[in-house]
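Notes follow once the structure below has been shown.
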Amino acid sequence: MAHEYPTAETLSAKQQAIPLIAVSMAKSDMPSLRSALNQGLDAGLTISEAKEMLVQLYAYVGFPRSLNALGELKSVVEERRKRGMHDAPGREPGHPAPTGDALLTVGTANQTRIAGKPVKGPLFDFAPVINQLLQAHLFGDIFERDNLDWQSRELATVGALAATPGVEAQLGSHVAASVRVGLTVSQLRQLAQTLANHGDADAAQRVGKALDAYLAKAGGSN
């Protein structure tokens, strides 16, 4: 997929809906998820983008929540059609996923680009298969699908991780990754404020702390 990262100082209406969808999915809060999905579709999120986001997030919050969220999306889309609302279907990925060694190669390249350096360390020496799965499946099979841009994927991931206590290290990594794919510090602060405005104070606080830690390590602001 193309790696041209547009930057802006504020999140679009569609981008603001993405972490709300992710937080609601991670919490299995179906009324909030329904509201956030409607907000996203109203703002121009395509059906394909919404499906892709909910599929990707199984890697962060589990298959059961992903399946339930996809069922909720299906219900929302059907109800909107009955009301005469015609949401854009979006598109499928523009190319088939590679297979075999080629999949591992492209997944490793995607992981390295998002992480900012090759991912390695004692944990992956102890259990190398987990990094192989990350490279081949998450960053290969999933992130190589170009029907959802990487900024949207990171907004969704940050939202899901922010809603999950105990994964602050991973949240910090994805806050940094968000900046690498073109999201700005002001947009990430807006993300935190958006979560707070929708009653997710704990998730908002986690994003704020992760962003502050990123800035302290980076020695400045973006």
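All conditions in (1) outside any helix (DSSP H, G or I); (2) within 21 Å of residue 46 (Cα to Cα) hold for residue 164, with the sole exception of (2). Among residues that are crowded, with 20+ Cβ neighbours inside 10 Å and in contact (Cβ under 8 Å) with a residue 24 or more places away in the chain, residue 103 is not included.
Tallying residues that are touching a residue at least 24 places away in the same chain (Cβ under 8 Å) and surrounded by fewer than 21 Cβ atoms within 10 Å (Cβ to Cβ) within the range 178-201 yields 8.
Figure legend. Inter-residue proximity from the range 131-156: first residues over 15 Å from residue 112 (Cα atoms) and part of a loop (DSSP other than H, G, I, E, B), second residues modelled with pLDDT of 95 or more and among the polar types (S, T, N, Q), beta-carbon distance below 9 Å, spacing 6+ or different chains. Indicated pairs: 145/56; 147/46; 147/48; 148/48; 148/56. If you filter the range 168-177 down to residues that are among the aliphatic types (A, V, I, L, M) and without any contact (Cβ under 8 Å) to a residue 40 or more places away in the chain, you find that the one that is farthest from residue 39 (Cα to Cα) is 169.
Every condition in (1) at pLDDT 95 or above; (2) in contact with a helix residue (DSSP H, G or I) (Cβ under 9 Å, 6 or more places away or on another chain) holds for residue 48 except the one numbered (2).
The values are calculated or read from the model by the stated rules, or taken from the named source; none is laboratory data. All figures in this text were calculated on a predicted structure; none of them were measured in a lab. Virtual Cβ from ideal backbone geometry, glycine too; neighbours counted across all protein chains shown.
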